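K.L.:
I have a structure I would like to understand better, so I am pasting it below and will then ask my questions one at a time.
The values are calculated or read from the model by the stated rules, or taken from the named source; none is laboratory data. Predicted, not measured: the structure shown is a model, and the values here were computed from it. Here the Cβ positions follow ideal geometry from the backbone for every residue, glycine too, while neighbour counts run over all protein chains shown. Only protein heavy atoms, including side chains, enter the accessible area calculation; ligands, DNA and RNA are left aside. Shrake-Rupley method; radii C 1.70, N 1.55, O 1.52, S 1.80 Å.
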Amino acid sequence: MDQSIGQFIGQFGIRSIPVSSCCIQIASVLRSKVSFPGTSSYEATQESYWSIQEASLYPSCIVVPDTAQDVSEAVKILAGFPDCQFAIKGHSHMPASGFANINGGVTIDMTTLSSVTINNDHTVVSIGSGAQWLNVYTYLDTLDLSVAGGRNGLVGVGGLTLGGGISYFAPRVGWACDNVANFEIVLASGELTNANATSLPDLFRALKGGMNNFGIVTRFDLTPFPQGEILAGVIANPISDRDAVFTAFSNIAGSEEYDPYASLVTGLGYNSSVKGSWSIGTTAVYTKPESSPAIYAEFVAIPSTQNTLHLTNLSTFADETNTPPLNWQFFTGTYGVSANLMSRIFDSLNSTLYNLELPSSWVFWDIAFEPLPTIMTQYGDKNGGNSLGTSPKDGNAFVMLLSALWPNSTFDEVVQETAEKMTRDIACIADDMGLLHEFQYINYADPSQDPIGSYGVQNVEYLRQVSRKHDPKGVWQRQVPGGFKLGLKY
Ligand SMILES: Cc1cc2nc3c(=O)[nH]c(=O)nc-3n(C[C@H](O)[C@H](O)[C@H](O)COP(=O)(O)OP(=O)(O)OC[C@H]3O[C@@H](n4cnc5c(N)ncnc54)[C@H](O)[C@@H]3O)c2cc1C
């Protein structure tokens, strides 16, 4: 070990976080790309976490690689220390504790690998896995091109794409991961390689839904398509008109002739500090430059308190403001499309939330409904296939994202119990109506849920086989504890 680095690290073994030998070894190779508690670069990463739960964990050191080769060097060292645990961080929009940060281990912060380039004939966009979607859209808008990615520009390319990815273009091109032409990836051995339809095709499919279970992706090569302006905005309605909104949503999401240019999220909001303070609104997008598409006529006819639909481009619409640090929690479920079910979901949420009071504090609840139409899921077996298990044979469905955000960590347990209860109650109602689907979208799931299990027995077995082949010692299973794992024993 380089003695001077050992001395340098010794000075910063503060905050009672022991400096681990793997940190010392990585620092001997990557030098200033490894930072320690008390340094500004360490704090910069810690402060960039989106949720309080993630920012409250303190790794022994943080590695900020500049190149894919740096990632490879770090993984080679980490794999040689089986007791050293580590986390992989993109733009940290998965809020659960430990998914992209770790106490006492090593956090690899990928956000410096954020370049976006395109090949000469504009058929492949290469995106550093640490980019945000806004970087991508800003670049592609100038070329009148786009790709399937996050609707909020602050979200990371890495997590969203490895978990599936619902974009405004989903009905036209499928999950974001269905549009990956190639993953550049560092495997458990530290080897930097490529997974695509012809090289490591088993890994190629496994990565589309497999999250951080197979390696660290350093670059995503995505297939772009021509794209001009879009119609986008928010329509807010009085909560008393919610049934009309649910009907309008269901008429679009459940249509046998789903309009491929229509993309919408209908959301309910509730602030626990004001009894009965429900709001309802829909983010409606039409991915063609049409100012009043017929598909939204029913929505537009409902009395609204706000309607901001306008023609714009994706980089402008996706340029959202960051939220202040808060605790966040996600829960999810998938259901067959029905306005009656949505109405019963509202009643069920209301009956729980009406009685929930947090002395001198608040929780904001946001319940979003997002179409999962068959014209989207049909892409699941194209381009090498994905591992999500969503299929047109399940019919048109919608995904629910139940989020809670709250400032005071004292209420963590209350929020967890309440969110679990509401998700359970909704599943019972949907089940009674014959509308409960098995699928749980991994990017919206709580650690108490089992999204990988929801991909179906065959997909789970497939993922395990691919893991045993490319990671025989279980580096990603044992040494990267954060995120949803494959349940393999070593
Ligand atoms: C405000 C907001 C808006 C959202 N909008 C959408 C949306 O429009 N569509 C949608 O589908 N989802 C959306 N999501 C959910 C989002 O897809 C997930 O939170 C996603 O996992 C975030 O990715 P990230 O890289 O920012 O997060 P991180 O928390 O950094 O990473 C998430 C997981 O992926 C792993 N990971 C990240 N990068 C890599 C890599 N390069 N190699 C291996 N593993 C990696 C991490 O280890 C972690 O376990 C949204 C979330 C939020 C909070």
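K.L.:
Quick one: what Rg and Dmax do you get for the stretch 367-423 from the alpha carbons, in Å?
P.N.:
16.5, 47
K.L.:
Here's another thing I want to ask about it. Post the alpha-carbon centroid distance, the stretch 58-90 to the stretch 108-143, in whole angstrom.
P.N.:
23 Å
K.L.:
What does the helix-only formula give at 222 nm for the chain: each DSSP H stretch with n ≥ 4 adding -39500 (n - 2.57), the total divided by the residues, and the result rounded to the nearest 500 deg cm²/dmol?
P.N.:
So the helix-based figure for the chain works out to -8500 deg cm²/dmol.
K.L.:
Using Cα atoms only, what is the angle between the long axis of helix 68-79 and the major principal axis of the chain, expressed in degrees (0 to 90) to the nearest 10?
P.N.:
Helix 68-79 and the main axis of the chain meet at about 70 degrees.
K.L.:
Here's a follow-up. List the residues of the stretch 302-339 whose backbone N lies under 20 Å from a point placed 7 Å from the Cα of E420 along the Cα-to-Cβ direction.
P.N.:
In the stretch 302-339, the label zone of E420 (backbone N under 20 Å from the point 7 Å along Cα→Cβ) covers 327-334.
K.L.:
For the chain, give the share of DSSP beta bridges that are antiparallel, in percent and rounded to the nearest 5; count only bridges with both residues there. List each step's numbers first, then the result.
P.N.:
On the way: 71 of 79 bridges.
So the antiparallel bridges amount to about 90 percent of the total.
K.L.:
What's the extension gain from K469 to S41 if we count 0.36 nm per residue and subtract their Cα-Cα distance?
P.N.:
Values: separation 428, 0.36 × 428 = 154.08 nm, distance 3.66 nm.
Stretched fully, the K469-S41 segment lengthens by 150.4 nm.
K.L.:
Which whole-number percent gives the relative contact order of the chain, counting Cα pairs below 8 Å spaced six or more residues apart? Let's see the in-between values first.
P.N.:
Numbers: 1120 pairs, mean separation 78.0, N = 490.
Reported as a whole number, the value is 16 percent.
K.L.:
Considering only protein heavy atoms and a probe of 1.4 Å, how much of the accessible area of the chain is carbon and sulfur, as a whole percent? Walk me through the intermediate numbers first.
P.N.:
Numbers: 9470 of 18540 Å².
Of the solvent-accessible surface of the chain, carbon and sulfur hold 51 percent.
K.L.:
Using only C-alpha positions, report the orientation-averaged shadow area of the convex hull of the chain, nm², one decimal.
P.N.:
Numbers: hull surface 89.5 nm².
Mean shadow area of the hull around the Cα atoms is 22.4 nm².
K.L.:
Expressed as an acute angle from 0 to 90° and rounded to the nearest 10, what is the orientation of the C-alpha long axis of helix 242-253 relative to the principal long axis of the chain?
P.N.:
70 degrees
K.L.:
Something else: Return one whole number: the accessible area per residue of the stretch 353-490 in Å², for a 1.4 Å probe.
P.N.:
Values: 6060 Å² over 138 residues.
I get 44 Å² per residue for this part.
K.L.:
Once you measure Cβ to Cβ distances between cysteines in the chain, which Cys have no partner under 4.7 Å?
P.N.:
C177, C428
K.L.:
Related question: Please compute the modelled spin-label separation between A301 and T123, points set 7 Å along Cα→Cβ, answer in nm with one decimal.
P.N.:
Each label point is offset 7 Å from its Cα along the Cβ direction, giving 4.6 nm.
K.L.:
Cα to Cα, under 21 Å, and not fewer than 8 places away if on the same chain: which lysines meet these conditions relative to K469?
P.N.:
Here the lysines satisfying the reach criterion relative to K469 are K76, K208, K485, K489.
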